[in-house]
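In what follows, a structure is listed as C-alpha coordinates, so that the remarks can point back to it.
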Amino acid sequence: MRQIKSPAVLQKEIRQLIRKGKTIGFVPTMGALHEGHLSLIRKARRENDIVVLSIFVNPSQFDPKKEDFSAYPRDKKTDILLAKEENVDIIFLPTTDMMYPTPFLTSVEVAELTRNLCGRSRPTHFRGVTTIVVKLINLVLPDIMYLGQKDAQQAFVLKRMVKDLNFATKIKICPTVRAKDGLALSSRNQYLTSDQRRQAPAIYEALKKARQAVKSGVTSSQKIRKLIEQHISQHTDSKIDYIECVETETLNPVKHLKGNILIALAVKFNTARLIDNILVQAK
Ligand code: AMP
(Lines give C-alpha, C1' and ligand atoms only; values in the text may rest on other atoms or scores of the structure.)
Protein backbone atom coordinates (compact mmCIF):
# COMPACT_ATOMS: atom_id res chain seq x y z
CA MET A 1 0.00 0.00 0.00
CA ARG A 2 1.35 3.41 -1.00
CA GLN A 3 1.06 6.12 1.65
CA ILE A 4 0.94 9.53 0.00
CA LYS A 5 0.83 12.91 1.72
CA SER A 6 1.44 15.27 -1.15
CA PRO A 7 -1.42 16.21 -3.51
CA ALA A 8 1.10 16.70 -6.35
CA VAL A 9 2.56 13.21 -5.89
CA LEU A 10 -0.92 11.68 -5.74
CA GLN A 11 -1.96 13.48 -8.91
CA LYS A 12 1.13 12.23 -10.75
CA GLU A 13 0.66 8.60 -9.68
CA ILE A 14 -3.04 8.67 -10.55
CA ARG A 15 -2.27 9.91 -14.05
CA GLN A 16 0.17 7.03 -14.55
CA LEU A 17 -2.43 4.51 -13.40
CA ILE A 18 -5.05 5.96 -15.72
CA ARG A 19 -2.59 5.85 -18.63
CA LYS A 20 -2.21 2.11 -17.91
CA GLY A 21 -5.99 1.75 -18.20
CA LYS A 22 -6.71 1.08 -14.51
CA THR A 23 -10.11 1.83 -13.02
CA ILE A 24 -10.13 3.75 -9.75
CA GLY A 25 -12.53 3.42 -6.82
CA PHE A 26 -12.37 6.14 -4.19
CA VAL A 27 -13.50 6.25 -0.55
CA PRO A 28 -13.19 9.69 1.08
CA THR A 29 -13.22 9.66 4.90
CA MET A 30 -12.20 11.61 7.99
CA GLY A 31 -10.57 8.50 9.50
CA ALA A 32 -11.10 6.77 12.87
CA LEU A 33 -12.18 3.95 10.59
CA HIS A 34 -14.97 1.57 11.57
CA GLU A 35 -16.98 -1.16 9.84
CA GLY A 36 -19.08 1.46 8.02
CA HIS A 37 -15.99 2.84 6.30
CA LEU A 38 -14.66 -0.67 5.72
CA SER A 39 -17.87 -1.71 3.95
CA LEU A 40 -17.26 1.08 1.43
CA ILE A 41 -13.62 0.05 0.96
CA ARG A 42 -14.65 -3.59 0.41
CA LYS A 43 -17.18 -2.62 -2.23
CA ALA A 44 -14.59 -0.42 -3.95
CA ARG A 45 -12.11 -3.33 -3.80
CA ARG A 46 -14.57 -5.67 -5.52
CA GLU A 47 -15.42 -3.23 -8.29
CA ASN A 48 -12.14 -1.51 -9.27
CA ASP A 49 -8.49 -2.21 -10.19
CA ILE A 50 -7.21 0.44 -7.79
CA VAL A 51 -8.67 1.53 -4.44
CA VAL A 52 -7.80 4.97 -3.09
CA LEU A 53 -8.74 5.86 0.51
CA SER A 54 -8.37 9.39 1.78
CA ILE A 55 -8.16 10.34 5.43
CA PHE A 56 -8.49 14.02 6.09
CA VAL A 57 -10.27 15.72 8.98
CA ASN A 58 -11.51 18.69 7.00
CA PRO A 59 -11.52 21.85 9.15
CA SER A 60 -13.80 23.80 6.81
CA GLN A 61 -16.77 21.51 7.47
CA PHE A 62 -16.69 22.17 11.23
CA ASP A 63 -18.43 25.23 12.63
CA PRO A 64 -15.60 27.18 14.34
CA LYS A 65 -18.01 28.51 16.99
CA LYS A 66 -19.99 25.38 17.83
CA GLU A 67 -17.90 22.35 16.90
CA ASP A 68 -14.57 21.15 18.18
CA PHE A 69 -12.43 20.27 15.19
CA SER A 70 -9.44 19.50 17.40
CA ALA A 71 -11.42 16.96 19.47
CA TYR A 72 -12.54 14.90 16.43
CA PRO A 73 -11.26 11.31 16.91
CA ARG A 74 -8.00 10.58 15.11
CA ASP A 75 -6.16 7.24 15.00
CA LYS A 76 -3.76 7.25 12.09
CA LYS A 77 -1.82 4.12 13.08
CA THR A 78 -4.90 1.90 13.33
CA ASP A 79 -6.37 3.43 10.16
CA ILE A 80 -3.23 2.53 8.20
CA LEU A 81 -3.30 -1.03 9.55
CA LEU A 82 -6.97 -1.46 8.67
CA ALA A 83 -6.44 -0.04 5.19
CA LYS A 84 -3.59 -2.52 4.61
CA GLU A 85 -5.80 -5.41 5.75
CA GLU A 86 -8.46 -4.34 3.24
CA ASN A 87 -5.90 -4.22 0.41
CA VAL A 88 -6.20 -0.52 -0.23
CA ASP A 89 -3.69 0.47 -2.93
CA ILE A 90 -3.20 4.12 -2.05
CA ILE A 91 -3.93 5.85 1.25
CA PHE A 92 -3.90 9.62 0.91
CA LEU A 93 -3.11 11.44 4.17
CA PRO A 94 -2.60 15.12 3.40
CA THR A 95 -2.02 17.81 6.03
CA THR A 96 -4.33 20.81 6.35
CA ASP A 97 -1.66 23.12 4.90
CA MET A 98 -1.36 20.90 1.84
CA MET A 99 -5.09 20.97 1.16
CA TYR A 100 -5.60 24.62 2.11
CA PRO A 101 -2.50 26.60 1.24
CA THR A 102 -2.97 30.23 2.27
CA PRO A 103 -4.56 32.25 0.93
CA PHE A 104 -7.34 29.83 -0.04
CA LEU A 105 -10.05 31.79 -1.79
CA THR A 106 -12.26 29.30 -3.63
CA SER A 107 -15.31 27.37 -2.51
CA VAL A 108 -17.98 25.25 -4.09
CA GLU A 109 -21.56 25.40 -2.90
CA VAL A 110 -24.70 23.45 -3.77
CA ALA A 111 -27.81 25.55 -3.23
CA GLU A 112 -31.25 24.43 -1.95
CA LEU A 113 -30.37 20.83 -1.05
CA THR A 114 -28.15 22.22 1.72
CA ARG A 115 -30.84 24.43 3.23
CA ASN A 116 -32.79 21.90 5.33
CA LEU A 117 -31.94 19.05 7.67
CA CYS A 118 -28.30 19.32 8.81
CA GLY A 119 -27.85 22.51 6.77
CA ARG A 120 -30.16 24.36 9.13
CA SER A 121 -28.08 23.85 12.27
CA ARG A 122 -24.75 23.62 10.41
CA PRO A 123 -25.01 26.45 7.86
CA THR A 124 -21.38 26.34 6.64
CA HIS A 125 -20.95 22.58 6.84
CA PHE A 126 -21.88 21.51 3.31
CA ARG A 127 -19.81 24.23 1.65
CA GLY A 128 -16.83 22.72 3.48
CA VAL A 129 -17.78 19.23 2.33
CA THR A 130 -18.37 20.11 -1.33
CA THR A 131 -15.18 22.18 -1.55
CA ILE A 132 -12.96 19.44 -0.16
CA VAL A 133 -14.63 16.71 -2.23
CA VAL A 134 -14.18 18.68 -5.45
CA LYS A 135 -10.49 18.95 -4.62
CA LEU A 136 -10.28 15.25 -3.84
CA ILE A 137 -12.09 14.26 -7.04
CA ASN A 138 -9.69 16.42 -9.05
CA LEU A 139 -6.74 14.66 -7.43
CA VAL A 140 -8.04 11.08 -7.52
CA LEU A 141 -10.07 11.21 -10.77
CA PRO A 142 -12.12 8.22 -9.61
CA ASP A 143 -14.39 6.19 -11.85
CA ILE A 144 -16.57 5.52 -8.81
CA MET A 145 -16.78 7.30 -5.45
CA TYR A 146 -18.35 5.35 -2.56
CA LEU A 147 -20.44 7.14 0.06
CA GLY A 148 -22.58 5.98 2.97
CA GLN A 149 -26.36 6.27 3.27
CA LYS A 150 -25.79 7.22 6.92
CA ASP A 151 -24.91 10.72 5.74
CA ALA A 152 -27.85 10.83 3.32
CA GLN A 153 -27.95 14.58 2.81
CA GLN A 154 -24.20 14.68 2.15
CA ALA A 155 -24.54 11.89 -0.42
CA PHE A 156 -27.46 13.62 -2.20
CA VAL A 157 -25.61 16.95 -2.22
CA LEU A 158 -22.46 15.37 -3.65
CA LYS A 159 -24.47 13.49 -6.26
CA ARG A 160 -26.01 16.78 -7.37
CA MET A 161 -22.63 18.53 -7.42
CA VAL A 162 -21.05 15.80 -9.57
CA LYS A 163 -23.98 16.02 -11.99
CA ASP A 164 -24.09 19.82 -12.12
CA LEU A 165 -20.33 20.16 -12.65
CA ASN A 166 -20.08 17.32 -15.21
CA PHE A 167 -17.61 15.19 -13.31
CA ALA A 168 -17.16 11.79 -14.95
CA THR A 169 -17.17 10.14 -11.51
CA LYS A 170 -20.10 7.88 -10.67
CA ILE A 171 -21.40 7.92 -7.10
CA LYS A 172 -22.51 4.79 -5.30
CA ILE A 173 -24.41 5.16 -2.05
CA CYS A 174 -23.91 2.14 0.24
CA PRO A 175 -26.17 0.94 3.08
CA THR A 176 -25.69 2.14 6.66
CA VAL A 177 -23.71 -0.32 8.75
CA ARG A 178 -25.06 -0.65 12.29
CA ALA A 179 -23.94 -2.09 15.60
CA LYS A 180 -25.82 -5.24 16.70
CA ASP A 181 -28.19 -3.08 18.77
CA GLY A 182 -29.04 -0.95 15.73
CA LEU A 183 -26.98 2.18 16.40
CA ALA A 184 -25.50 3.49 13.14
CA LEU A 185 -21.71 3.24 13.34
CA SER A 186 -20.01 6.63 13.47
CA SER A 187 -16.63 7.95 14.51
CA ARG A 188 -18.59 10.32 16.75
CA ASN A 189 -20.02 7.41 18.80
CA GLN A 190 -16.69 7.55 20.65
CA TYR A 191 -17.90 10.74 22.32
CA LEU A 192 -20.76 8.90 24.07
CA THR A 193 -20.56 8.02 27.77
CA SER A 194 -21.50 4.41 28.59
CA ASP A 195 -24.94 5.57 29.70
CA GLN A 196 -25.53 7.48 26.49
CA ARG A 197 -24.26 4.53 24.44
CA ARG A 198 -26.87 2.33 26.16
CA GLN A 199 -29.59 4.84 25.26
CA ALA A 200 -28.49 5.57 21.68
CA PRO A 201 -30.10 2.49 19.99
CA ALA A 202 -33.46 4.20 20.67
CA ILE A 203 -32.69 6.41 17.65
CA TYR A 204 -32.94 3.55 15.18
CA GLU A 205 -35.78 1.92 17.15
CA ALA A 206 -37.73 5.14 16.63
CA LEU A 207 -36.99 5.12 12.90
CA LYS A 208 -38.11 1.50 12.65
CA LYS A 209 -41.34 2.37 14.44
CA ALA A 210 -41.84 5.14 11.89
CA ARG A 211 -41.30 2.72 9.02
CA GLN A 212 -43.88 0.39 10.53
CA ALA A 213 -46.34 3.26 10.87
CA VAL A 214 -45.83 4.27 7.22
CA LYS A 215 -46.33 0.64 6.18
CA SER A 216 -49.58 0.50 8.09
CA GLY A 217 -50.83 3.56 6.22
CA VAL A 218 -49.90 6.65 8.28
CA THR A 219 -49.21 9.49 5.83
CA SER A 220 -49.12 12.52 8.13
CA SER A 221 -45.56 13.80 8.48
CA GLN A 222 -46.49 15.43 11.77
CA LYS A 223 -47.69 12.09 13.21
CA ILE A 224 -44.53 10.32 12.10
CA ARG A 225 -42.28 13.01 13.55
CA LYS A 226 -44.22 13.00 16.82
CA LEU A 227 -43.93 9.24 17.10
CA ILE A 228 -40.14 9.41 16.61
CA GLU A 229 -39.78 12.30 19.01
CA GLN A 230 -41.77 10.54 21.73
CA HIS A 231 -39.75 7.35 21.45
CA ILE A 232 -36.42 9.19 21.59
CA SER A 233 -37.36 11.48 24.46
CA GLN A 234 -38.80 8.56 26.47
CA HIS A 235 -35.67 6.46 26.08
CA THR A 236 -32.78 8.93 26.00
CA ASP A 237 -31.49 12.11 27.62
CA SER A 238 -30.60 13.53 24.23
CA LYS A 239 -31.73 16.83 22.76
CA ILE A 240 -33.45 16.59 19.40
CA ASP A 241 -31.92 18.84 16.73
CA TYR A 242 -34.39 17.93 13.98
CA ILE A 243 -36.72 15.18 12.78
CA GLU A 244 -37.88 15.61 9.19
CA CYS A 245 -39.74 13.77 6.46
CA VAL A 246 -38.44 15.06 3.11
CA GLU A 247 -38.77 14.34 -0.59
CA THR A 248 -35.74 12.47 -1.84
CA GLU A 249 -35.37 14.67 -4.94
CA THR A 250 -35.47 18.13 -3.35
CA LEU A 251 -34.93 17.34 0.35
CA ASN A 252 -37.88 19.64 1.03
CA PRO A 253 -40.13 18.73 3.97
CA VAL A 254 -43.49 17.19 3.10
CA LYS A 255 -46.78 17.38 4.98
CA HIS A 256 -48.16 14.18 3.55
CA LEU A 257 -45.94 11.23 2.78
CA LYS A 258 -46.20 9.98 -0.79
CA GLY A 259 -43.68 8.06 -2.90
CA ASN A 260 -40.02 7.95 -1.87
CA ILE A 261 -39.45 9.72 1.42
CA LEU A 262 -36.34 10.18 3.52
CA ILE A 263 -36.99 10.28 7.24
CA ALA A 264 -33.90 11.88 8.78
CA LEU A 265 -32.95 13.13 12.21
CA ALA A 266 -30.15 14.51 14.32
CA VAL A 267 -29.93 14.32 18.11
CA LYS A 268 -27.36 15.64 20.53
CA PHE A 269 -25.98 13.83 23.54
CA ASN A 270 -24.05 16.79 25.00
CA THR A 271 -21.37 17.46 22.38
CA ALA A 272 -22.01 14.27 20.42
CA ARG A 273 -24.32 15.04 17.52
CA LEU A 274 -25.61 11.82 15.97
CA ILE A 275 -27.53 11.50 12.71
CA ASP A 276 -29.52 8.66 11.21
CA ASN A 277 -32.16 8.13 8.55
CA ILE A 278 -34.31 5.62 6.70
CA LEU A 279 -35.85 5.60 3.24
CA VAL A 280 -39.52 4.66 3.08
CA GLN A 281 -42.03 4.19 0.31
CA ALA A 282 -45.37 5.75 1.13
CA LYS A 283 -48.49 4.81 -0.81
P1 AMP B 1 -16.77 10.15 7.74
O2 AMP B 1 -15.38 9.62 8.00
O3 AMP B 1 -17.67 10.05 8.92
O4 AMP B 1 -16.75 11.49 7.09
O5 AMP B 1 -17.43 9.16 6.68
C6 AMP B 1 -16.79 8.82 5.47
C7 AMP B 1 -17.75 8.04 4.61
O8 AMP B 1 -18.16 6.85 5.29
C9 AMP B 1 -19.03 8.82 4.28
O10 AMP B 1 -19.41 8.54 2.94
C11 AMP B 1 -20.01 8.24 5.26
O12 AMP B 1 -21.36 8.32 4.83
C13 AMP B 1 -19.57 6.79 5.33
N14 AMP B 1 -20.04 6.16 6.57
C15 AMP B 1 -19.88 6.64 7.83
N16 AMP B 1 -20.53 5.84 8.71
C17 AMP B 1 -21.11 4.87 8.00
C18 AMP B 1 -21.92 3.73 8.33
N19 AMP B 1 -22.26 3.45 9.58
N20 AMP B 1 -22.35 2.94 7.32
C21 AMP B 1 -22.02 3.20 6.04
N22 AMP B 1 -21.25 4.25 5.66
C23 AMP B 1 -20.80 5.06 6.63
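Lys84 to Gln281: extension gain in nm, 0.36 nm per residue of separation minus the Cα-Cα distance? Intermediate results must be reported in sequence, preceding the final value.
Details: separation 197, 0.36 × 197 = 70.92 nm, distance 3.92 nm.
Gain on stretching Lys84 to Gln281: 67.0 nm.
Once you order the gyration tensor axes a ≥ b ≥ c over the Cα atoms, which shape class does the stretch 129-283 get: rounded for a/c under 1.5, otherwise prolate or oblate by comparing a/b with b/c? It is oblate, given that a/c is not under 1.5 and a/b is not larger than b/c.
Ala8 to Thr169: extension gain in nm, 0.36 nm per residue of separation minus the Cα-Cα distance? Could you put the intermediate results ahead of the total?
Details: separation 161, 0.36 × 161 = 57.96 nm, distance 2.01 nm.
Gain on extension, Ala8 to Thr169, equals 56.0 nm.
When you filter the trypsin sites (Lys or Arg not before Pro) in the stretch 5-66 for DSSP loop state and at most 16 other Cβ atoms inside 10 Å of their Cβ, you are left with Lys5, Lys20, Lys22, Lys65, Lys66. Springs join every pair of Cα atoms under 10 Å in this Gaussian network model of the chain, and among Leu265, Leu113, Leu165 the largest mean-square fluctuation is at Leu165. Legend: calculated FRET efficiency, Lys239 to Ala179, from the Cβ-Cβ distance at R0 = 25 Å, rounded to 0.05, equals 0.70. Provide the FRET efficiency to the nearest 0.05 for the Lys258-Met98 pair, computing r from the beta carbons and using R0 = 51 Å. After rounding, the FRET efficiency stands at 0.60. Annotation note: trypsin sites (Lys or Arg not before Pro) in the stretch 74-122 located in DSSP loop regions with a Cβ neighbour count of at most 15 within 10 Å are Arg74, Arg115. What residues from the stretch 34-54 fall in the zone where the backbone N is under 19 Å from a label point 7 Å along the Cα-to-C-beta line of Gln16? Once the point is set 7 Å along Cα→Cβ of Gln16, 49-53 turn out to lie under 19 Å by backbone N, inside the stretch 34-54. Label positions at Ser121 and Leu105, each projected 7 Å from the Cα along the C-beta direction, are separated by 3.6 nm. Lysine pairs in the stretch 59-177 whose alpha-carbon atoms fall under 23 angstrom of each other, counting only those eight or more residues apart or on distinct chains, come to 17.
Find which of Val51, Ile132, Gly21 sits farthest along the positive direction of the dipole of the stretch 11-143, computed with +1 on the beta-carbon of Lys and Arg, -1 on that of Asp and Glu, about the Cα centre. In the stretch 11-143, that residue is Gly21. The heavy atoms of Cys118 present about 10 square angstrom of accessible area, all protein chains included, probe 1.4 Å.
Taking a ≥ b ≥ c as the square roots of the eigenvalues of the Cα gyration tensor of the stretch 25-159, is the shape rounded (a/c under 1.5), prolate (a/b larger than b/c) or oblate?
Working: a/c = 1.59, a/b = 1.42, b/c = 1.12.
In terms of gyration-tensor shape, prolate.
In the chain, taking the dipole from charged Cβ atoms about the Cα centre, the farthest positive-side position among Gln222, Met1, Pro73 is held by Gln222.
What does the net charge come to around Ile232 if you take all other residues with beta carbon closer than 13 Å to its beta carbon, with K and R at +1 and D and E at -1?
Numbers: positive: Lys208, Lys209, Arg225, Lys226, Lys239, Lys268; negative: Glu205, Glu229, Asp237, Asp241, Asp276.
My count for the surroundings of Ile232 gives +1.
Rounded, prolate or oblate: which fits the chain, taking a ≥ b ≥ c as square roots of the Cα gyration tensor eigenvalues, rounded meaning a/c under 1.5, else prolate when a/b beats b/c? Here the chain falls in the prolate category.
GNM on the chain, alpha-carbon springs under 10 angstrom: the most fluctuating residue among Gln196, Gln11, Gln234 is Gln234.
Loop-only GluC sites (Glu not before Pro) in the stretch 174-279, please: DSSP not H, G, I, E or B, and at most 15 other Cβ atoms within 10 Å. Of the GluC sites (Glu not before Pro), the ones in loops of the stretch 174-279 whose Cβ has at most 15 other Cβ atoms within 10 Å are Glu249.
Give me the percent relative contact order of the chain, please, defined on Cα pairs under 8 angstrom at least 6 residues apart. Intermediate results must be reported in sequence, preceding the final value.
Working: 495 pairs, mean separation 48.8, N = 283.
Reported as a whole number, the value is 17 percent.
Considering only Val129, Val88, Val218, the Gaussian network model of the chain with Cα springs below 10 Å gives its largest mean-square fluctuation to Val218. About the centre of its Cα atoms, the chain shows a dipole size close to 480 debye [charges on the beta carbon of Lys, Arg (+1) and Asp, Glu (-1) only; nearest 20 debye].
The values are calculated or read from the model by the stated rules, or taken from the named source; none is laboratory data. On a predicted model such as this, the values are computed, not experimentally measured, just so you know. Ideal geometry is used to build each Cβ from the backbone, glycine not excepted, and the neighbour counts take in all protein chains shown. Just so you know, the surface numbers come from the protein's heavy atoms only, side chains and all, with ligands and any DNA or RNA stripped out. Shrake-Rupley method; radii C 1.70, N 1.55, O 1.52, S 1.80 Å.
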